[in-house]
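Heads up, the thing below is written out as structure tokens.
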Amino acid sequence: MIETLEVVKREAQGSWNVGKLRATGYVPAILYGHGEENICLSIRKEAVAALIKHGSKLVSLTGSIKDTALLREVQWDTFGSNVIHLDLARVSQSETVEVTLPVQLHGEIAAAGGGQLRFATHEITIRCPAASIPDHLTVEIAGLQLGASIHVSEVKLPAGATPVTLGSVVVVQVVAPAGSSDDAAAVAVEPELIRKEKADAAAKA
Amino acid sequence: MALMPKRVKHRKSQRGRIKGNATRGNKVVFGEFGLQSLQGGWIRAQTIEAGRIAANQYVRGEGRLYIRIFPDKPISSKPLETRMGKGKGEPEYWVAVVRPGTVLYELAGVTEAQAKVCFARLAAKMPIKVRMVRRRPV
């Protein structure tokens, strides 16, 4: 799904200026690619939050710049609360691009087996035409029995898409519930010293 | 039994300073929910273990708990009623050095409501301020 994003061309550069920009409710961004010059942009914080919430990868830029771009990278602050920068790559609708998409599970596993669902791979990288990038990849887990697993090669991809992540990677599997691990296991009181042998050998010599 | 390294290069370490925020280990990677530290500090191996037990008692059989920190710093102390000097004390316990933003524990295979209750039990054991976080959107 393509989303519209209103952007403003940004003159201010450098961490101090960008910090001031963030304080006014804007997120700094950069547009690059297709052999054209890099353009610094600023986007409203609310628009960025909505874009990330919807999970869209392809954006149509309006305002100072009119172009189509791919959301290449999102930089978060330490606590993962605020977006601090966006990377936008110029892209044409017919171009084939590499994107990482979140995996969403659909359905309920078979309760008869008494298994526990292990969601191993939350993101899959695929190569597909820019016009047909989905927001997420859906994996059907309904009726999955104990011991069964779904690999990347079994995930249904959009038309014209090929997986970049290895096909043998497990996306989801049903495993036997882990037993209690509250028991205290006997372990060494003090760790072994890596240099102990070396020191002993030197002492003997 | 509390966590500790199997092999170490040096038996004793200097105290050090905790500077800045976490730039690694600050994302939820394995599960769907995480417990993130909002302060820096040392977390003892016994505390990590207490947190694990508290969480496992709640999620038993349903979810899976991941511990994202490891106590690799030995803390030494002098025995009681000992005069100063005569060298550094013996290692007493192990701690994990935690910077603000570090994800301490993660939970997978549980609902958000269950994770909230589980992390509330776990947070009560922690010596620093923590909060529950979700996986960041891709």
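The values are calculated or read from the model by the stated rules, or taken from the named source; none is laboratory data. These numbers come from a predicted model, not from an experiment. Counting neighbours? That spans all protein chains shown, and the Cβs are built from the backbone with ideal geometry, glycine included. Please note that ligands, DNA and RNA were not included when accessible areas were found on the heavy atoms of the full protein model with its side chains. Shrake-Rupley method; radii C 1.70, N 1.55, O 1.52, S 1.80 Å.
General observations
- Within the listed set B:R52, B:R17, B:R99, the Gaussian network model of chain B (springs between alpha-carbon atoms below 10 Å) gives the highest mean-square fluctuation for B:R17.
- Amide H contacts under 5 Å for A:I84: A:Q75, A:W76, A:D77, restricted to partners 5 or more places along the chain or on a different chain, H placed in the peptide plane at 1.01 Å from N.
- Total formal charge among the other residues, if their Cβ is under 13 angstrom from that of A:D77, Lys/Arg +1 and Asp/Glu -1: +4
- Separation between Cα centres of the range A:1-73 and the range B:92-138, rounded to whole Å: 32
- Cβ-based net charge around A:R118, under 14 Å, with every Lys or Arg adding one and every Asp or Glu removing one: -2
- Rg over Rh, two decimals, the protein assembly as shown (C-alpha only, Kirkwood Rh): 1.05
- Atom-type composition of the exposed protein surface of the range B:43-138 places 51 percent of the accessible area on carbon and sulfur (1.4 angstrom probe).
- Near B:V130, the amide H atoms lying under 5 Å from its own belong to B:L38; only residues 5 or more places off or on other chains count, and H is placed 1.01 Å from N.
- Sparsely packed trypsin sites (Lys or Arg not before Pro) within the range A:44-135, loop by DSSP, other Cβ within 10 Å at most 13: A:K66
- Interface residues of the range B:1-35, defined as a loss of at least 50 Å² in heavy-atom accessible area between the chain alone and the complex of all protein chains with a 1.4 Å probe, are B:M1, B:M4, B:R7, B:V8, B:K9, B:R11.
- For the Cα trace of the range A:1-134, dividing Rg by the Kirkwood Rh returns an Rg/Rh value of 1.07.
- Per-residue ³J(HN,Hα) for the range A:45-61, Karplus 6.51 cos²θ - 1.76 cosθ + 1.60, θ = phi - 60°, Hz, x for Gly and Pro: 4, 5, 5, 5, 4, 5, 4, 5, 5, 6, x, 6, 9, 9, 10, 9, 8
- Averaged over the residues of A:114-120, the number of partner chain Cβ atoms lying within 10 Å of the residue Cβ comes to 3.
- The three principal axes of the C-alpha atoms in chain B carry coordinate ranges of 55, 31, 27 Å, sorted with the longest axis first.
- Counting only heavy atoms of the protein chains and using a 1.4 Å probe, B:M4 has close to 40 Å² of accessible surface.
- Cross-link partners of B:K12 among aspartates and glutamates, defined as those whose alpha carbon lies under 14 angstrom from its own and excluding same-chain residues fewer than eight positions apart: A:E190, A:E192, B:D72, B:E90, B:E92.
- Comparing B:T23, B:T47, B:T82 in a Gaussian network model of chain B (Cα springs below 10 Å), the most mobile by mean-square fluctuation is B:T82.
- Lysine pairs in chain A with Cα atoms under 16 Å, if 8 or more residues apart or on separate chains: 6
- Of the GluC sites (Glu not before Pro) found in the range A:19-89, those in coil by DSSP whose Cβ has at most 11 other Cβ atoms within 10 Å are A:E36, A:E37.
- Amide H to amide H distances under 5 Å link A:Q116 with A:V175, A:A176, where only residues 5 or more positions off or on other chains count and H is placed in the peptide plane.
- Residue with peak Gaussian network fluctuation, chain A [Cα springs, cutoff 10 Å], from A:Q13, A:Q93, A:Q116: A:Q13
- For the residues B:V29, A:V18, a 1.4 Å probe over the protein chains yields an accessible-area ranking, largest first, of B:V29, A:V18.
- Listed residues A:H54, A:H136 arranged by accessible area, highest first, probe 1.4 Å: A:H54, A:H136
- Shape category assigned to the range B:96-138 from the gyration tensor of Cα positions, a/c cut at 1.5: oblate
- Accessible area buried, both sides summed, chains A and B with 1.4 Å probe, Å²: 2800
- Neighbourhood net charge (12 Å Cβ-Cβ; Lys/Arg +1, Asp/Glu -1) for A:I109: -1
- Probe 1.4 Å, protein heavy atoms only - accessible area per residue of the range B:41-138 in square angstrom: 53
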